[in-house]
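> Starting off with a structure, shown below.
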Amino acid sequence: MSGARDRDDRPGDPAGRGGPAVPGDPAGPGDAAARQPAPDAIPAVDSRLIVREEGFRGYAGEFRRKLRSGELGSLPVVVAIAVIWTVFGSLDSAFLSAQNLSDLSQQIVGTGMIAVGIVFVLLLGEIDLSVGSVSGLCAALFAVLNVINGMNEWLALLVAVAGGAAVGLLHGFFFAKVGVPAFVVTLAGNLAWNGLMLQVLGTSGTVNIPGDSIVAELYSTIFESPAAAYVTAAVGVGLFLLASLLDARRRRAARVPYRPLAEIVLRTAVLAAIAFAAAYILNRYQGLPLALLIFLVLLVVLDLVLRRTRYGRMIFAVGGNIEGARRASVSVPFVRMSVFTIAGTMAAVGGVFLAGQIQSASQTSGGGNLLMNVIAAAVIGGTSLFGGRGSVWSALLGALVIGSIQSGMNIMGVSNAVQFMITGSVLLAAVVVDSLSRRSQKAAGRA
């Protein structure tokens, strides 16, 4: 779940076979003889990916090297979550109760969904200021089409999500083809789509969504059987282990850096501990929420798209070095338009979940501090504002930080004014860490 990409996944990294061969390099076409491995040759192993002969001391040294070079990954946000939970748990035991944590896992889904789209945009080094109003517009579309006009709820849901995708594509067109800065395009969209939402809702201003609607059930459905949470945890851990083993075998066969079995087992054990602990907590209250399950599945799929497909590498390439991406024949306009389309789509999905949470679409949908929260979630989770570095898991981690702060302060009766100030301070701290990390990477020659 690291926010930083592994070295072998970076576009243009010869070790990841993402860039052109270097003349004279043993792996390049200029030295055919060198490509034939010696009989006793040992597969290339990156010292950052293996348990070295020093064992724990070797890992400790590698950790210190990463800190010095600014390769912090998800460490800051994980520490932040631990601190937040410790502080609020010590102030009020209700915060760490199974009920509150289970409710928190549902409440972060809507914000997290929208934050996933923001992550894609931030990977290009851009910003989308319209996702809040787009989410409200799409929620209003669903409510009006289904509740007021009697359209089939699945068809209305499809139209709402397609509407978000179309809005994102329009933003991407003006940005990629016309050349209007993304900040200006999406700021204009924020105003325009909010106005269209008010127009769609009409004079009533609020449309209530029935509790048995598909949107409401997607949010409120909970699998009460304890087996559901534990089986989901087991399946997730098993798929992670299988994917890790297959990836290591593929890399070893290709004679590129790979993770050894010991590290794969260690990573799997850590994931298993987290997954089964979460399942235990959820089962202590009601069970596994469907909304959380959908969110996690979506994160896994999009993570595979970003890290294991050519399209994902193109996104990182454009965000990391746009001129280099052009020279590598990457279609920059296509990448830009598609990324904003994804952002619009995820805004629609998140808006629908938020509407299902409160079972209504109103003039305040997509407003308030939603835009601030989704951007803060993406940045706090570890996605760089400068582009080229981040992960979709940032949306989950960041949303968990924002949701935990809000939940803890609500339990303690803190006013909204103070909550805004604290959330803003956390966002500023995340940006400062990102800036310092980037500066350290430049000093170390890694940015």
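> Every residue in region 417-440 that is under 17 Å from ASN369 (Cβ atoms) and of a type outside the set (A, V, I, L, M, F, W, C), please.
GLN419, THR423, GLY424, SER425
> If a residue must be assigned to a helix (DSSP H, G or I), among the small types (Gly, Ala, Ser) and loosely packed, with under 14 Cβ neighbours inside 10 Å, how many such residues does region 400-428 contain? Walk me through how you get there before you give the answer.
Looking only at region 400-428, we keep the residues that are assigned to a helix (DSSP H, G or I), and these are 400-412, 416-428.
So of that shortlist, the ones also among the small types (Gly, Ala, Ser) come out as 403-404, 407-408, 417, 424-425.
This time we only want the ones that are loosely packed, with under 14 Cβ neighbours inside 10 Å, so: 417, 424-425.
Number satisfying all stated conditions: 3.
> Identify, from the list ALA140, ALA233, the residue that is in contact with a strand residue (DSSP E or B) (Cβ under 6 Å, 6 or more places away or on another chain) and open to solvent by less than 20 Å² (accessible area, probe 1.4 Å). First the steps, then the outcome.
Values: ALA233 fails: in contact with a strand residue (DSSP E or B) (Cβ under 6 Å, 6 or more places away or on another chain).
Unique residue meeting the criteria: ALA140.
> All but one of (1) within 18 Å of SER391 (Cα to Cα); (2) modelled with pLDDT under 95; (3) of a type in the set (Val, Ile, Thr); (4) open to solvent by less than 40 Å² (accessible area, probe 1.4 Å) hold for VAL339; which doesn't?
Status for VAL339: all satisfied but (2).
> If you don't mind, another one. So is VAL270 surrounded by fewer than 19 Cβ atoms within 10 Å (Cβ to Cβ), assigned to a helix (DSSP H, G or I) and modelled with pLDDT of 95 or more or not?
no
> Taking only pairs six or more apart or across chains, which ones have beta-carbon atoms under 6 Å, a first residue in region 229-249 that is closer than 24 Å to LEU290 by Cβ, and a second residue that is open to solvent by 70 Å² or more (accessible area, probe 1.4 Å)?
Matching pairs, first to second residue: ALA233/PHE276.
> Which residues, counting only those in region 312-332, are surrounded by fewer than 22 Cβ atoms within 10 Å (Cβ to Cβ) and of a type in the set (A, V, I, L, M)?
So in region 312-332, the residues surrounded by fewer than 22 Cβ atoms within 10 Å (Cβ to Cβ) come out as 312, 314, 321-324, 326-332.
Scanning region 312-332 gives MET314, ILE322, ALA328, VAL330, VAL332.
> When region 124-154 is examined, which residues are found to be of a type in the set (Asp, Glu) and in a helix (DSSP H, G or I)?
Passing the criteria: only GLU153.
> Same structure, new question: In region 429-441, how many are open to solvent by less than 40 Å² (accessible area, probe 1.4 Å) and touching a Pro at 6+ places or on another chain (Cβ under 7 Å)?
0
> Of a type outside the set (A, V, I, L, M, F, W, C), in a helix (DSSP H, G or I), free of Cβ contacts under 8 Å to residues at least 12 places away in the same chain and under 24 Å from GLN107 (Cα atoms), is that true of ASN373? Walk me through how you get there before you give the answer.
Details: of a type outside the set (A, V, I, L, M, F, W, C): yes; in a helix (DSSP H, G or I): yes; free of Cβ contacts under 8 Å to residues at least 12 places away in the same chain: no; under 24 Å from GLN107 (Cα atoms): yes.
When the stated conditions are applied, ASN373 does not pass them.
> For region 352-373, check the following and say yes or no: at least one residue is in contact with a His (Cβ under 9 Å, 6 or more places away or on another chain) and either open to solvent by 30 Å² or more (accessible area, probe 1.4 Å) or closer than 18 Å to VAL78 by Cα (or both). Break it down into steps so the answer makes sense when it comes.
So the first thing to find is which residues in region 352-373 are in contact with a His (Cβ under 9 Å, 6 or more places away or on another chain), and the list is none.
For region 352-373, residues in contact with a His (Cβ under 9 Å, 6 or more places away or on another chain) and either open to solvent by 30 Å² or more (accessible area, probe 1.4 Å) or closer than 18 Å to VAL78 by Cα (or both): absent.
> Just to be sure before I move on: is TYR230 of a type outside the set (Val, Ile, Thr) and at pLDDT 95 or above in the structure I sent? Reasoning before the result, please.
Details: of a type outside the set (Val, Ile, Thr): yes; at pLDDT 95 or above: yes.
Against the criterion (of a type outside the set (Val, Ile, Thr) and at pLDDT 95 or above), TYR230 qualifies.
> Among the residues in region 352-362, are any out of contact with any Pro (no Cβ under 9 Å at 6 or more places or on another chain), on the phi > 0 side of the Ramachandran plot and assigned to a loop (DSSP other than H, G, I, E, B)?
Looking for residues that are out of contact with any Pro (no Cβ under 9 Å at 6 or more places or on another chain), on the phi > 0 side of the Ramachandran plot and assigned to a loop (DSSP other than H, G, I, E, B), one finds none in region 352-362, hence no.
> Do you know which residues across region 328-351 are assigned to a helix (DSSP H, G or I) and either over 30 Å from ASP103 (Cβ atoms) or free of Cβ contacts under 8 Å to residues at least 24 places away in the same chain (or both)? Even if it seems obvious, please write down each step before you answer.
If we filter region 328-351 for residues that are assigned to a helix (DSSP H, G or I), which is where we start, we get 332-351.
Result: VAL332, PRO333, PHE334, VAL335, ARG336, MET337, SER338, VAL339, PHE340, THR341.
> For SER244, work out the one condition from (1) open to solvent by less than 50 Å² (accessible area, probe 1.4 Å); (2) not in a helix (DSSP H, G or I); (3) not aliphatic (A, V, I, L, M) it doesn't fulfil.
(2)
> Okay, moving on. So in region 258-267, with the set limited to residues that are closer than 17 Å to LEU239 by Cβ and part of a helix (DSSP H, G or I), which one is least open to solvent (accessible area, probe 1.4 Å)? Write out each step before concluding.
Our first condition is that a residue be closer than 17 Å to LEU239 by Cβ; within region 258-267, this holds for 259, 264-265, 267.
Among the residues that remain, those that are also part of a helix (DSSP H, G or I) are: 264-265, 267.
Numbers: ILE264: 7, VAL265: 81, ARG267: 102 Å².
That would be ILE264.
> May I pose another question? Is there a residue in region 278-290 that is touching a helix residue (DSSP H, G or I) at 6+ places or on another chain (Cβ under 6 Å), within 30 Å of LEU385 (Cα to Cα) and either open to solvent by less than 60 Å² (accessible area, probe 1.4 Å) or part of a helix (DSSP H, G or I) (or both)?
no
> As an exercise: evaluate ILE118 against (1) within 25 Å of ALA399 (Cα to Cα); (2) in a helix (DSSP H, G or I); (3) open to solvent by 10 Å² or more (accessible area, probe 1.4 Å) and give the number of the one condition it does not meet.
Of (1) within 25 Å of ALA399 (Cα to Cα); (2) in a helix (DSSP H, G or I); (3) open to solvent by 10 Å² or more (accessible area, probe 1.4 Å), only one is false for ILE118: (3).
The values are calculated or read from the model by the stated rules, or taken from the named source; none is laboratory data. What you see is a predicted model; the values in this text were computed from it and never measured. Cβ coordinates were reconstructed from backbone atoms using ideal geometry, including for glycine residues, and neighbour counts include every protein chain displayed. What goes into the accessible areas is simple: the full protein's heavy atoms, side chains included, and nothing from ligands, DNA or RNA. Shrake-Rupley method; radii C 1.70, N 1.55, O 1.52, S 1.80 Å.
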